[in-house]
1. Quick one: which of 38-51, 86-99 comes out on top by average Cβ neighbours within 10 Å, and what's the full order, highest first?
2. Measure off, as a whole percent, the carbon and sulfur share of the 1.4 Å-probe accessible area of the range 50-120, all protein chains present.
3. Subtracting the Cα-Cα distance from 0.36 nm times the residue separation, let me have the gained length for Ala68 to Ser52 in nm, one decimal.
4. Only residues of the range 40-79 count here: report those whose backbone N is under 18 Å from the spot 7 Å along Cα→Cβ of Cys104, or say none.
5. Measuring from label point to label point, each 7 Å out along Cα→Cβ, what is the Ser112 to Glu40 span in nm?
6. Which Rg and Dmax, in Å, describe the Cα atoms of the range 36-120?
Amino acid sequence: MKTMIGAAVCALMMLSVGAPAVAQDADGDSYTFTISNSSEMAIITFHLASESDSGWSEDLIPDTIIGAGDSLDMEFAADADECRYATSVVMEDGTEYAAIVDYCDLTGIDISDDQGLTYY
């Protein structure tokens, strides 16, 4: 896999709930986002792939399940000058929601039963 999906994916780490997450690209730009689970099922995996990568990252929340109604703040170092990442979330029943997300302008990601993966 292409250099393990770049620096963005390799450096992803979970933060404590309630603290904002920060993503920084090579220019030092900062972004914040929270994953919110508005669905009735738990989120069990979260994967990214930048536009220059050919495959998904490893699971970026390997030891965490985001339960129904819960949220999680995240941090990762972005690939140099890349904002757009394919984003995949897999639910406990195997349902996958995916979208291309611009992390440079992102405040949060929400997963819901009726709208799937949305971002704002």
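The values are calculated or read from the model by the stated rules, or taken from the named source; none is laboratory data. Because the structure is a prediction, the values reported are computed rather than measured. No Cβ is skipped: glycine too gets one built from the backbone with ideal geometry, and neighbour counts run over all protein chains shown. SASA here: full protein model, heavy atoms, side chains in, ligands and nucleic acids out. Shrake-Rupley method; radii C 1.70, N 1.55, O 1.52, S 1.80 Å.
1. Taking the mean over residues of other Cβ atoms within 10 Å, the ranking is 38-51, 86-99.
2. 44 percent
3. The span from Ala68 to Ser52 would gain 2.5 nm if fully extended.
4. 49-53, 76-79, by backbone N distance to the label point.
5. 1.5 nm
6. Using the Cα atoms of the range 36-120, the pair Rg, Dmax is 12.3, 36 Å.
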